[in-house]
Structures are given as structure tokens and as C-alpha cells.
1. Could you pull out the residue among 173, 214 that is of a type in the set (A, V, I, L, M) and modelled with pLDDT of 90 or more?
2. Which one is nearest to residue 62 (Cα to Cα), of the residues in segment 123-166 that are in contact (Cβ under 8 Å) with a residue 40 or more places away in the chain and among the β-branched types (Val, Ile, Thr)?
3. Conditions first: (1) among the hydrophobic types (A, V, I, L, M, F, W, C); (2) part of a strand (DSSP E or B); (3) surrounded by fewer than 12 Cβ atoms within 10 Å (Cβ to Cβ). Residue 2 passes all but one, so which condition is the exception?
4. Within segment 208-253, which residues are part of a helix (DSSP H, G or I), under 33 Å from the mean Cα position of the chain (by Cα) and among the acidic types (Asp, Glu)?
5. Across segment 235-266, what is the total count of residues that are free of Cβ contacts under 8 Å to residues at least 60 places away in the same chain and either acidic (Asp, Glu) or not assigned by TED's automatic domain parsing to the domain that holds residue 9 (or both)?
6. With the structure loaded, tell me whether residue 22 is surrounded by 16 or more Cβ atoms within 10 Å (Cβ to Cβ), closer than 19 Å to residue 264 by Cβ and more than 17 Å from the chain's Cα centre (by Cα) or whether it fails that test.
7. Please tell me if residue 282 is of a type outside the set (A, V, I, L, M) and in contact (Cβ under 8 Å) with a residue 24 or more places away in the chain.
8. Checking the condition buried (at least 16 other Cβ atoms within 10 Å of the Cβ) and part of a loop (DSSP other than H, G, I, E, B), which residue from 93, 53, 80 passes?
Amino acid sequence: MAIEVEVREMTDSRIRILVKGVNHIFMNMLRRVIMADVPKMAIHNVDFHHGPLGSSMEGDEEVEYESTSPIFDEMIAHRLAMIPIPTDLEIFLPRSECTCEGEGCPSCTIMYAINKRGPCTVYSGDLEPVNNEAYRIKDDLIPITKLGKGQALLAYATAELGAGRQHAKWQAAQAVGFQYYPKITIKKKGSENYEDCVRACPRGVLEWDNKKRAIKVVDLEACNLCKACMETCDKGVIEIGYDETSFLFSFETDSSYTPQAVIKAAIEILSKRFNSFIKAVGNLS
């Protein structure tokens, strides 16, 4: 059976698709690769400057600034690491595979600088990409820390490729999940009032047609197979099942990637693994 894919919802950060012609093993394999193996850029090293940064006039007052903040450097580094970094797999390589031999270059790393003076709130948008504006942070209102009068933050951060199995900061997508495509069969129609069955559904899948005195399905794909309606109605009125070869698959990204790019990267990873396995089997004597 040929695989078919139908888009149900797609934005810059979220996708929901219907996949036909596969089984749950394939869908779980795709889910795991997206969560654990699709590479993503994330800040991995942060160099903090400590000490005085000079002074400036604030109104009639001269304020001396020192590079220090109310929270520990380790906490700031952790927050910086979780900020979504724009990722393009056609440009970047893992640092261990780069021709620079891990030294760090434009092909494997992105350098950011942050230089803020208080009093203010430091946001993700204050990370300035060094040399290339294309890597400016898209979600620029993630708070990092607050600085008081005379406080400042001067640091340099380096982002590199990694995978979700190494650390959550390198996870390309979140809330990755799938479910069987539901099948709802209303077997019994008549004068009975089954409004209680409709109200039992927590997802608004069913509706009571007062004119026809019957239950009708108004949003099949909202069904999560909980069978609350089936348990509330008299036996035989409603049957809840699912299609074993069709699945609703969805996930969100943190704006580092588009959802289409995540799926494409996952398929390429799977393709390479299968080709490698086929080659290994072919070499067996």
C-alpha cells in the first residue's frame, strides 16, 4: 500500500497530518527519530566577562558598571542554552565532523554577543549574532535575567549542532505524538433521546440532531478513542474503533525549524540508516 499524507494543520511552528498506509511501528520510529536524532543548533559554551565596565552618566549622576547579575552564571548559561537558535542543516555540520577539526568555524558554530547595562530586563533578543544577521533569534522576548542599577551583563555564547538524545536543548520538536485514526459507527437510530451520550463526549465529537432524533458525528478527528460516549449510551448504540493503517501525527517546534524541515531531516536520517543496514546485510557471507 502506498503511503499517503494529508495536512490537517500547519503553521510555522506546528503541524498535524494524517498518514495512511503505515503501521504503528513506523509511526513510533518516526516519532523517536524526531525527538532524539534530528540535529539542532543550541548554545553550548558561554564565556562571561567579570569586572568593571567603566561608567556613564545617568541624568546628573555618574554610574559605575560592573559585569555582574543577581543570579549565578551557571543559571544564565542554562537559560541561554534553551533559547531556540535558527538551524539550517544545509549549512551546518556537527563540530566533530567539520573540516576545522572542532576548532569552531562558520560551518559548525554560531557566535553571539550580549552586552546590556541595567536597570533593565535582558531578553533573548539582546543576543547579537556576530557577523551574520540571518541567525538573529526569532523569539526575542524570552527573559534571561534582570539587571539592577550599576549591574551589567557581558558575555559571548557559541551555538553548535547536537541531538535530543544528548540534551533537551538540542531537541528539535516537542509534544511529538500520534494516534490511530478513529472510526465511529452509530448502529441504532430511532426515537430514543441519546443526548446524555453526546454530553459524555469530552471533545465535542458528537451532536444530537433533534429534528432527526439521532446522534451524528460532527468532528471525527477530535475523537481520542476514550469511549465515554459508548459507555454512557445503551449497548449497541455506538461503536468506537480505529483504522490500523491510518494515524493522526502532530508535533510543535520551538521556531529553530519549520515542521516540514523537521520531518524531512527525520526521513533522511531513517533513509541513511536503512541503506547502511541493507549494505551490511549484503556484505554477509
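The values are calculated or read from the model by the stated rules, or taken from the named source; none is laboratory data. Quick caveat, the model's predicted, so the values are computed rather than measured. Here the Cβ positions follow ideal geometry from the backbone for every residue, glycine too, while neighbour counts run over all protein chains shown.
1. Numbers: 214 fails: modelled with pLDDT of 90 or more.
Checking each option against the conditions leaves just 173.
2. Taking the candidates together, the pick is 145.
3. (2)
4. So the first thing to find is which residues in segment 208-253 are part of a helix (DSSP H, G or I), and the list is 220-222, 228-232.
Narrowing the set further to residues that are under 33 Å from the mean Cα position of the chain (by Cα) leaves 220-222, 228-229.
221 - this is the single residue of segment 208-253 that is part of a helix (DSSP H, G or I), under 33 Å from the mean Cα position of the chain (by Cα) and among the acidic types (Asp, Glu).
5. Final tally of qualifying residues: 2.
6. Details: surrounded by 16 or more Cβ atoms within 10 Å (Cβ to Cβ): yes; closer than 19 Å to residue 264 by Cβ: yes; more than 17 Å from the chain's Cα centre (by Cα): yes.
Yes: the conditions hold for residue 22.
7. Working: of a type outside the set (A, V, I, L, M): yes; in contact (Cβ under 8 Å) with a residue 24 or more places away in the chain: no.
Criteria not met by residue 282.
8. Details: 53 fails: part of a loop (DSSP other than H, G, I, E, B); 80 fails: part of a loop (DSSP other than H, G, I, E, B).
Among 93, 53, 80, only 93 is buried (at least 16 other Cβ atoms within 10 Å of the Cβ) and part of a loop (DSSP other than H, G, I, E, B).
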